[in-house]
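Here's the structure, in C-alpha cells; my notes come after.
The numbers here are math on the coordinates, done by the rules we state, and not lab data. In this text the structure is predicted, and so the values were computed from the model without any measurement. Note: ideal-geometry Cβ built from the backbone for every residue, glycine included; neighbour counts use all protein chains shown.
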Amino acid sequence: MCARMGNGQARVSSESGAGMSDKPVLAAGTPCEPAASTASLMALACLVVFMAQMATTVYLPSLPVVMRELKMTQGGAELSISAYVIGAALPVPFWGAAAERWGRRGPLLISLLLFVASSLLLAVCTLAPALLALRAIQGIGGGGAAIIARIIVRDYWRGDELARRLSVLSIAFITALGGGQFVGGLIGRYSHWQTGFVLMAVIAALAIGLSVALPLKAGSRTAVTSGMAGTYRSLLRRPGFLWPACAGGLGFATTVTLQEVSPFVFQEHFRLAVTSFGSIGLLLGVAYFSGAMLVNRVVKRLGGVRLMHAGAALVALATTLMLASWLGGRLDHFGGLWIFIALYCLAIFGQAVLFPNSMATAVSNAHEHGAHAMALCGFLQQGLAGIAATAAVLQRHGGTWTLAVFVLGALTWLVVRFKVRAG
C-alpha cells in the first residue's frame with residue numbers, strides 16, 4: 001500500500017545517525033513509501049501535542065488545592081497556568097530556527113528532556129515561587145516539542161490538506177482537553193496533585209522513545225541563524241500570514257482564559273466536587289472532537305477560510321452570550337451551571353473549527369519559509385494566549401472574566417471578518 005497525501009510538496013531527506021533510518025521521508029506526489037512511516041510520524045506529533053496540552057488540563061481540577069497547600073492567592077495559583085503558556089510561547093521562534101538549522105530530531109529531544117526534568121521536579125515541589133518557575137520551564141519544553149511536532153506535519157502537507165492533518169492533531173488536543181481534566185479530577189480525589197506531573201514525565205519519555213526511531217527531516221547546514229530576525233520581520237509584513245495567525249491566537253486566548261477561571265467558577269461558584277469538574281472535561285472534549293471532525297470532513301469542499309469565518313462567529317456568539325447571561329443574573333444560581341457548560345462547549349467547538357484552519361492558512365501563505373513560518377505562527381498564537389491569561393489574573397474576580405472572554409471573542413470575529421480573505 002502507498003501513503004497518499006495532498007498535492008504540491010517536495011520530498012525531504014531524513015537525518016542520518018547511528019541506528020537511524022536513512023530512508024527518505026515521504027511527501028506528497030512522490031513515489032510510494034510504506035503508509036506506516038507517515039502513520040508513525042502522525043502518532044509522534046499527536047503524542048507530543050497531547051503531552052503539551054495535558055500539562056495544563058491534568059492540573060486544572062487541583063488548582064484550588066494547590067492554592068491552599070502552597071498558601072497562594074487565587075491569582076497566584078492561576079498565574080501557574082499563565083507561566084506555562086508564556087513559557088511555551090517566548091522561545092518558540094528560537095525552537096523554529098533550531099529545527100531549521102539542525103533538523104527536527106535534536107531540538108525535539110532537547111525540548112522533551114527539558115519537559116521530563118521539569119515535570120519530575122514539579123512532582124516534589126512544595127514552594128510557590130519554585131512552582132511558578134518550574135511551570136515556566138515546563139512550558140518552554142512543552143511549547144518547543146509541540147511546535148516542532150507541528151513543523152514535522154507541515155513538512156509533508158500544505159493548504160487545505162494541512163488543515164485536515166492539523167485537525168487530526170486536534171484529536172490529541174481533544175483527548176488531553178477532556179481526558180486530561182477527567183484524569184486530573186480522579187487524581188485530585190484519590191491521590192495528590194503532584195502525581196499528575198509524574199504522569200507527564202512518563203508520557204514525555206514515551207515521546208522520546210518514539211522520536212529516536214523515526215526518520216525526521218534534516219536541517220540545512222547552510223542556514224544562517226543571524227537571518228532569523230529578518231525572516232520573521234518579513235513574515236510579519238505579510239497580511240496573508242499575520243491575520244490568520246492572530247485570529248487563531250485570539251481564539252486560543254479565549255479558551256485559555258476560560259480554562260484558567262473554570263476551576264474556581266465550577267468548584268467555588270457552582271460548588272462542584274473535583275471529580276465532577278473533571279468529568280466536565282469529557283463534555284469539552286466531545287465539543288472539540290466534533291469541531292475537529294467537521295474540519296477533517298469538509299475542509300477540502302468548503303475551504304479553510306470559510307471554516308475560519310464560521311469558527312470565529314461561534315466563538316464570538318458563545319462569549320457574547322456568556323457576558324449577557326452573567327449580566328442578566330442567569331449564572332447566579334445552579335441552573336446557570338448548564339447554561340455555562342453549554343456556552344463553554346460552544347466556544348470550544350468554534351475554536352476547534354477556527355484553530356487548525358488559521359494555522360494552515362497562515363503557514364501555507366508562507367510555505368517557502370519552512371519551519372520559521374510554523375514557529376512564528378505558534379509564537380503569535382501562544383503569545384496572545386499568554387498575554388490574555390496573565391491579564392485575566394490581574395482582574396478582580398467575580399464576573400469580570402465574562403467581559404474578558406467577550407472582548408477576546410469579539411476581537412477574534414472582527415479580525416477574521418475584516419482581515420482574512422480567501423485567496
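Taking a cut-off of 30 Å, what percent of all Cα-Cα pairs in the chain are separated by more than that? Don't skip to the answer; put the middle values down first.
Numbers: 33316 of 89253 pairs.
Here the long-distance tail beyond 30 Å is 37 percent of all Cα pairs in the chain.
Give me the angle, in degrees from 0 to 90, between the Cα long axis of helix 195-211 and the longest principal axis of the Cα atoms of the chain, rounded to the nearest 10.
10
Tell me, what is the FRET efficiency for Val198 and Ala117 to the nearest 0.05, using R0 = 22 angstrom and their Cβ-Cβ distance as r?
Details: r = 13 Å, r/R0 = 0.58.
The computed FRET efficiency comes out at 0.95.
Considering all alpha-carbon pairs of segment 278-417, what whole percent are spaced by more than 25 angstrom? Working shown, then result.
Values: 3102 of 9730 pairs.
The answer is 32 percent, as a whole percent.
To the nearest 500 deg cm²/dmol, what mean residue ellipticity at 222 nm is calculated for the chain from DSSP H runs of n ≥ 4 alone, each contributing -39,500 (n - 2.57), summed and divided by the residues?
Values: 16 runs with 309 residues, N = 423.
Roughly -25000 deg cm²/dmol at 222 nm, from the helical runs in the chain.
How far, in degrees from 0 to 90, does helix 74-89 lean away from the longest principal axis of the Cα atoms of the chain, to the nearest 10?
10
What order do you get for 63-70, 163-170, 104-111 when each peptide is scored by the mean count of other beta carbon atoms within 10 Å, highest first?
Highest to lowest by the protection proxy: 163-170, 104-111, 63-70.
If you take the alpha carbon radius of gyration of segment 253-306 and divide it by 2.2 N^0.38 Å, what ratio comes out, to two decimals?
1.52
Taking the 0 to 90 degree range and rounding to the nearest ten, how far is the long axis of helix 92-102 tilted relative to the main principal axis of the chain, both from C-alpha atoms?
Taking the Cα atoms of the chain, the angle to 92-102 is about 20 degrees.
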